[in-house]
Amino acid sequence: MPTRPILHRNSSALLQRLLEEPALDQLVRQLRGPEWKALIRHVGLEDASELLALSTAEQLVELVDESLWISGTDTFDLEGFATLLEVLHESGTGQLADKVAALPEEFLLLALSKLVSVWPTDFLQQLAETDESGVLDKRLESQMFEEFDEYCVLSPSGLAWDALFALFNAWSDVQPELLNRLLGRLSAANVSSVAEPDELVTVLDELAEFEEDAQAEREQRRARSGYVSASDARAFLRLPPSVQPGETDAISAAYFRRLQPEPVATQQLTDHRLLERLRAHSRPLGSDAKRKLNTGAGLLKRALEQLAQRSPRRHTRALEELAFLTNVVLATLDTTQDDAGSLSAEAVRSVVIAVEAAGVGEVGLDLETSTDRLCAALNEHGPIALFRKRPR
């Protein structure tokens, strides 16, 4: 598998070169997920309006899943979503409306509930009329708000309000059903929690929560691409050591059930000019990082080569299990660091050390004996079971 580039910050030069490329729209849409996200990360979301306007719906969803959740906490990044709306708005109201409409509806409910508070206009007026203290009127006057059909949309924070106003206006013309469905669900969540004017004052400070559903959908999408959630990773690492050869666990079994197989390659030719531009503005993994991918004399690599000759089927399964283990470890690392390549190398190295130690058992053996032992252990137990035998 080719090494992914680790990017450095020289985004303005790269962006200028990209915008000069003929048929840029086709080049952007050919990018697979990792290259697409690397490109946006390198250019910077704030400067990527032209690229986002050319992206496919699938690329935008993948970018949102990767970029709008704070690493290690699975907390929604409200300011990041506001920035995305504003950047898409720079490309025009039509692009904004089309791109945001393509995002998963549960995610939209979560994101919009953080930015706006939605109420039936009549209900809001009735509450204001019964509020003898006048506190509610004053609070409402301090909000940015607009009416869309029978709903009143309030913006307590003012974040991305111009983009939101343009988005809702556009949807009211071209996608009224989507707008009414979203506003209706947001409104229903608010109305069900309020009976008195003073309760509404509290709700205006705490927007309705749709986070659980949005997180579940995101985890399902990511699982199909091979990601492991932080909660699943922590649960796997707490499992007791495996005892029997071939013993399975519920977490890894569920991971392989959800994993979507790679699509069969088509005969369509791919234009690699955009990736070449990206690599030209990237620094490859240095020698230190490469060295971290193997330990000692590359024992696991040798054992896998031997296993491929003895049992291609077990070899394929071993590679799949090693990928799962790497994703487990990676999900528990501090992913707030910018250098994703060093984190990946650290995860791979941790898996290699654990599998080698459990598979060989003894220290001081010669390379040939160690390779034979590890190959036999991989064939009998598999990397997951060996990893679970690691020292705690």
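Remarks
Table: residues versus (1) closer than 14 Å to LEU186 by Cα; (2) crowded, with 16+ Cβ neighbours inside 10 Å.
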site	(1), (2)
LEU108	yes, yes
VAL116	yes, yes
ALA128	no, no
VAL135	no, no
TRP161	no, yes
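- Answer residue from segment 73-94, given it is among the small types (Gly, Ala, Ser) and part of a helix (DSSP H, G or I) and is modelled with the lowest pLDDT among those: GLY80
- Matching residues, segment 53-73, being surrounded by fewer than 15 Cβ atoms within 10 Å (Cβ to Cβ) and among the small types (Gly, Ala, Ser): ALA57, GLY72
- Scan of segment 95-143 for residues that are in a loop (DSSP other than H, G, I, E, B) and either among the small types (Gly, Ala, Ser) or closer than 17 Å to ASP65 by Cα (or both), ordered by number: ALA102, LEU103, PRO104, SER133, GLY134, SER142
- Considering residues of segment 32-52 that are buried (at least 18 other Cβ atoms within 10 Å of the Cβ) and closer than 20 Å to PRO104 by Cβ only, the residue farthest from the chain's Cα centre (by Cα): LEU52
- Residue count for segment 144-174, restricted to those that are of a type in the set (A, V, I, L, M) and assigned to a strand (DSSP E or B): 3
- Residue count for segment 303-339 under the criterion of being in contact with a Leu (Cβ under 7 Å, 6 or more places away or on another chain), at pLDDT 85 or above and not hydrophobic (A, V, I, L, M, F, W, C): the result is 2.
The values are calculated or read from the model by the stated rules, or taken from the named source; none is laboratory data. Owing to the predicted nature of the structure, the values given are computational and were not obtained by experimental measurement. With ideal geometry, Cβ positions are generated from the backbone for all residues, glycine too; neighbour counts draw on all protein chains shown.
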